[in-house]
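Below is one structure; the comments refer to it alone.
Bear in mind these aren't lab numbers, they're just calculated from the coordinates by the rules spelled out. Remember, predicted model here, so these are calculated numbers, not experimental data. Don't worry about glycine lacking a Cβ; one is built from the backbone with ideal geometry, like all the others, and counts go over all protein chains shown.
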Amino acid sequence: MNDPPKRSPVAPADCNLAKSFALIGDRWSLLILRAALYGVRRFEDFQAELNIPRTVLSNRLARLGKAGFLEKRLYKTPGRRARPEYWVTPMGQGLRLPFIALTQWGDRWIGGNAPPPMTIRSRAQGARLHIALVDESGREVPLSEQIFEFGTQP
């Protein structure tokens, strides 16, 4: 029997996954990004949905904006002062796929036998979609056939 590895094959300082975790931050930031990807844009709406303290929300929105996930834009309703909305940037939109993967993981491992609260389907055929790794020809590749290479490859 082989001894388990003592270290990961990529040091956290060199790992883009670890860097992503550090950039995104904490649970509140993930929940804010989740809500933003569903279309929530206004401070009061984030606060009401997440029941997050206002100071924490303000801090996280500023941090997510500075990191490039959200962009602040002003809107104005008649008779009121201009207020900010927080729009998801292309960088933030790039989190949609990993969030869907986590959702499908949660449906399988956390949801028990309950039907998932959300299903993603193909608009054209209506077939259910799932996250998978595919090769360049579009064929789904099972984990048993995947090889992870570390370091720079040509």
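Side notes on the structure shown:
- Expressed in Å, the radius of gyration and Dmax of the Cα atoms of the chain are 19.7, 73.
- Relative to the current alpha-carbon distance between Lys66 and Trp105, full extension at 0.36 nm per residue lengthens the span by 11.1 nm.
- Amide H within-cut-off set for Glu85, under 5 Å, with H built and near neighbours excluded: Arg73, Leu74, Tyr75
- Loop-resident trypsin sites (Lys or Arg not before Pro) (DSSP state other than H, G, I, E or B) in the range 1-47 with no more than 14 further Cβ atoms inside 10 Å of their Cβ: Lys6, Arg7.
- Estimated at 0.36 nm per residue, the fully extended path between Asn51 and Glu136 surpasses their Cα-Cα distance by 26.2 nm.
- Within the range 111-135: backbone nitrogen closer than 17 Å to the Glu149 label point (7 Å, Cα to C-beta): 134-135
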